[in-house]
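The values are calculated or read from the model by the stated rules, or taken from the named source; none is laboratory data. Note that this is a predicted model, so its numbers are computed, not measured. As a convention, Cβ positions derive from the backbone with ideal geometry for all residues, glycine included, and neighbour counts pool all protein chains shown. Heavy atoms of the whole protein, side chains included, go into the accessibility calculation; ligands, DNA and RNA do not. Shrake-Rupley method; radii C 1.70, N 1.55, O 1.52, S 1.80 Å.
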Amino acid sequence: MGDDFFGLLTTNKWPPRWVCGEWTSLHGWFYIFSDISIGLAYFTIPFILFYFIRKRRNNLPFVQIFWLFILFILACGTTHFVDATLFWFPAYHLSAAVLFITGIISWVAVIGLVKVLPEALQLKTTDELETTVLKRTDELQESNKKLREINSDLDNFVYAASHDLKSPINNIEGLIAMLKSTDKKDVADEVFQKIEQSVSKVRQTIDQISSVVKIQRTEETDVGEVFFDKVLAEVLEENVNMVATAKPQIIRDFAIGSIHFSHTTLKSIMYNLVTNALKYRSTERDLEIQLRTFSKENRTYLSVEDNGLGIDLNQNREKLFSIFSRFHDHVEGSGIGLFMVKRLVEKKGGNISVASEESKGTTFTVKF
């Protein structure tokens, strides 16, 4: 029967290993137990790997390599079991065949491992994964912060739409009803004029809301070295009529002459702070506006101080930088200037603070 099976089970050409050489019982059984122990370990490991594969079958990388190593380990275990039997059953043909098959499987495993090695090296370590998780967590927290800000802005927009748009729309409806009930030309002309004013108010409110949305989405492309005195000169030139009316004494104290920043953003910040000082001046004294820059803890600061009407911060601090908030109605204003300044500054990682006393003046300090 052994000869029919390629001679794998042929045993009559060699003696059992017990009688091949001078084995003592101690050395012989020590060899046998070692082979069996190694073989049992080799056969146990594949079951552990199989259990692992079943538990991680949905997200386990290189699963083919796992199966290839299971086969390789089983083959290695088989060589040790066959080697142990040679002490009683000298089937050296079978041992050679098992070793040959194990060799083939071993090299297949080596080739498979070499193929997946570049991809396996791309797998992140535990520390790298932890760093990635922390980074993603920070990004998620920042996204949540921005989402909360957007939700807050949406609430403000809804309020603006219901408050600032409702009044002119109601006016238009009333004026149209009045227009329908009159046939006098002079009355009709007056009604048309008021309708135009209400439409203009609606358009202005919509433009203001669009401006706020624009600053949230605009990416700055003009970042470079920007000089405070040049930006101030541009702001004053663009508001020459307002400056001529207010006749302010402007004090420049730019200890820090320039900053690496967006020219457009810095101009918008300074524009709103300076024009606020011009608009909300006191009639009881000559207007004085002081602009100064300074450095503190490696950060650049800009302060704009005036001796104008001032603000009661005890009552208005919380809503000072809210959209469409206004505290003096005797001059034209949109109520979005300080809101835009705060958004622009915070978008660049800074903040803005205010100190003010009613009837004495206000100081805005921007931390870049």
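Available extension along the chain between Ala177 and Glu196 is 5.3 nm, counting 0.36 nm per residue and deducting the alpha carbon span.
Full extension of the chain between Phe43 and Ala355 yields a length gain of 104.5 nm, computed as 0.36 nm times the residue separation minus the alpha carbon distance. Ordered by solvent-accessible area of protein heavy atoms (1.4 Å probe), largest first, the residues Leu99, Leu9, Leu94 come out as Leu99, Leu9, Leu94.
Normalised by the residues of region 2-101, what does the relative contact order come to in percent, with Cα pairs under 8 Å and at least six apart?
Reported relative contact order: 46 percent.
Annotation: amide H of Val226 within the under-5 Å range of Ile259, His260, Phe261, sequence separation 5 or more or interchain, hydrogens built in the peptide plane. Karplus-based coupling profile of region 280-297, in residue order and whole Hz: 9, 7, 8, 7, 8, 7, 5, 6, 10, 10, 10, 10, 9, 10, 7, 10, 8, 6, with θ = phi - 60° in 6.51 cos²θ - 1.76 cosθ + 1.60 and x standing for Gly or Pro. With R₀ set to 25 Å, the beta-carbon distance separating Thr365 from Val240 gives a calculated FRET efficiency near 0.40.
For Thr300, the residues whose amide H sits under 5 Å from its own are Phe368, ignoring neighbours fewer than 5 places away on the same chain, with H placed 1.01 Å from N. The HN-Hα couplings worked out from phi for region 135-148 by the Karplus form 6.51 cos²θ - 1.76 cosθ + 1.60 (θ = phi - 60°) are 5, 5, 5, 4, 5, 5, 5, 5, 5, 5, 4, 5, 5, 5 Hz, whole numbers, x standing for Gly and Pro. Here's how it looks for Leu287: its modeled amide H is under 5 Å from those of Gln249, which are all 5 or more places away or on a different chain. Rolled with a 1.4 Å probe across the full set of protein chains, the surface gives Lys124 an accessible area near 110 Å². Across region 73-91, the residues whose backbone nitrogen lies under 18 Å from the label position 7 Å along the beta-carbon direction of Ile111 are 73. For Val114, the accessible area of its heavy atoms, probed at 1.4 Å with every protein chain present, is near 100 square angstrom. The distance between label points at Lys55 and Val133 comes to 1.7 nm (points 7 Å beyond Cα on the Cα→Cβ vector).
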